[in-house]
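A short worksheet on the structure shown next.
The values are calculated or read from the model by the stated rules, or taken from the named source; none is laboratory data. Fair warning: this is a prediction, and the values are worked out from it, not measured in the lab. All Cβ positions, glycine included, derive from the backbone under ideal geometry; neighbour counts span all protein chains shown.
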Amino acid sequence: MSVFVGIDVAKATLAVALRPSGEVFEVANSPAGHRALAQRLRKLTVERVLLEATGGYERAVMAALQAEWPVVRVAPHRARSFATAMGRIAKTDPIDAAMLAHMAQVVDTPPAQPESPQQLRLQSLVQRRHQVVQQRDDERRRLQQVQDQPLVVASLKRLLRAQQAEIALLDKAIAQAVAEADRQRADRLLAIPGVGPVTAATLIAFLPELGQIERRQIAALVGVAPYNADSGGKTGLRRIRGGRAGIRRVLYMATWSAIRAQPALNQRYQALRARGKCAKVALVACMRSFLGQINAMLRDGGQWQPTPA
């Protein structure tokens with residue numbers, strides 16, 4: 001009999017539920033706990049394992065299980081919405097694990113792709129760079145607010161110099177990690193006008209599906225696909241939602257650069273603005289088009305060919 005596994009991930013423990021038996025047990029969220037869990041699951045006919053994204057605490061157990069079973073990772077809001085739809089109001093680790101096992105049984109979500117050690121290293125470096133850049137930008141804003149306090153200004157400037165030096169070190173490490181993860185793909189991405197080292201590293205680290213699926217799927221995955229909001233005779237505004245926010249953030253800036261560098265994309269943006277679309281709507285449409293072009297290039301194995309204006 002097929003078994004569906006739900007795992008509620010915490011920092012120190014994993015609550016594991018099996019469906020349809022209803023069995024629930026707990027193991028440590030540690031290498032020893034992961035080995036014990038795998039040993040227990042090998043005695044069963046596991047069809048799917050499902051867990052929530054929990055800020056990185058789930059990565060180690062995913063890596064331990066993916067070699068033997070399909071593992072699905074879902075966003076927390078999807079898991080919570082499923083629980084609400086099923087009438088589950090109470091929330092404890094065993095209840096959440098049982099709900100995730102139920103979700104594994106009824107929701108046909110593709111399993112997550114296994115991540116190589118090189119890709120995991122690149123992800124960590126890109127995330128760390130983003131954190132330091134955020135800290136630097138926060139300090140810059142604070143600096144503008146305390147110009148009449150010399151000691152505070154000196155403290156902020158020291159931190160800003162240190163943060164800028166740290167970003168430079170991370171940029172070097174990211175360049176090396178990108179080459180180790182996928183040098184060929186990186187070179188092709190960097191040949192695209194508007195795509196810089198940060199965008200290329202982010203796409204390689206966090207969007208391995210790029211070039212593997214069709215353009216509508218990749219747009220939905222990133223969160224730049226418009227969704228209908230129609231009911232009866234009402235036609236609502238199309239809006240984007242969901243997707244991978246970190247990728248969307250770097251794609252946003254890359255698309256602005258591409259609009260300036262690519263005549264065809266600039267023409268598309270200006271045409272949308274001339275039709276009365278607001279700047280953000282026009283930019284999102286260009287993001288979707290730009291992403292589709294990148295996806296097609298990687299899918300077909302060719303080099304960048306700009307769309308004629």
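Against the conditions (1) surrounded by 15 or more Cβ atoms within 10 Å (Cβ to Cβ); (2) within 30 Å of ARG141 (Cβ to Cβ), ARG161 satisfies every one except (1).
Here GLU180 clears all of (1) closer than 16 Å to ILE247 by Cβ; (2) touching a residue at least 60 places away in the same chain (Cβ under 8 Å); (3) in a helix (DSSP H, G or I); (4) not small (Gly, Ala, Ser) except the condition numbered (1).
Scanning segment 64-88 for residues that are closer than 20 Å to ARG121 by Cβ and surrounded by fewer than 16 Cβ atoms within 10 Å (Cβ to Cβ) yields a single hit, ALA67. Selection of first residues in segment 211-224 that are in contact (Cβ under 8 Å) with a residue 24 or more places away in the chain and of second residues that are part of a helix (DSSP H, G or I) and among the small types (Gly, Ala, Ser), restricted to Cβ pairs under 6 Å at least 6 apart or on distinct chains, gives the following pairs, ordered by first then second residue: ARG215/GLY292. In segment 125-147 there is at least one residue matching the filter, namely being modelled with pLDDT of 95 or more, buried (at least 17 other Cβ atoms within 10 Å of the Cβ), closer than 30 Å to GLU68 by Cβ and out of contact with any Leu (no Cβ under 8 Å at 6 or more places or on another chain).
Table: residues versus (1) at pLDDT below 95; (2) not assigned by TED's automatic domain parsing to the domain that holds HIS130.
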| position | (1), (2) |
| --- | --- |
| PRO150 | yes, no |
| ARG158 | no, no |
| ALA165 | no, no |
| LYS172 | no, no |
| ASP182 | yes, no |
| VAL198 | yes, yes |
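Among the residues making up segment 256-289, those that are closer than 16 Å to GLY194 by Cβ and either under 18 Å from the mean Cα position of the chain (by Cα) or of a type in the set (Lys, Arg) (or both) are ARG260, ARG268, VAL284, MET287, ARG288. Given (1) within 18 Å of ALA191 (Cβ to Cβ); (2) part of a helix (DSSP H, G or I), identify the lone condition not met by GLN303. If we test GLN303 against (1) within 18 Å of ALA191 (Cβ to Cβ); (2) part of a helix (DSSP H, G or I), just (2) comes out false. Every residue in segment 55-95 that is within 17 Å of the chain's Cα centre (by Cα) and acidic (Asp, Glu), please. Of everything in segment 55-95, just one residue is within 17 Å of the chain's Cα centre (by Cα) and acidic (Asp, Glu), namely GLU58. Among the residues of segment 23-37, those that are more than 18 Å from MET1 (Cα to Cα), of a type in the set (A, V, I, L, M, F, W, C) and buried (at least 17 other Cβ atoms within 10 Å of the Cβ) comprise VAL27, LEU37.
Which of the following residues is modelled with pLDDT under 90 and not small (Gly, Ala, Ser): ARG215, ARG239, ARG273? Give the steps one after another, and end with the answer.
Values: ARG215 fails: modelled with pLDDT under 90; ARG273 fails: modelled with pLDDT under 90.
Within the list ARG215, ARG239, ARG273, the selection yields ARG239.
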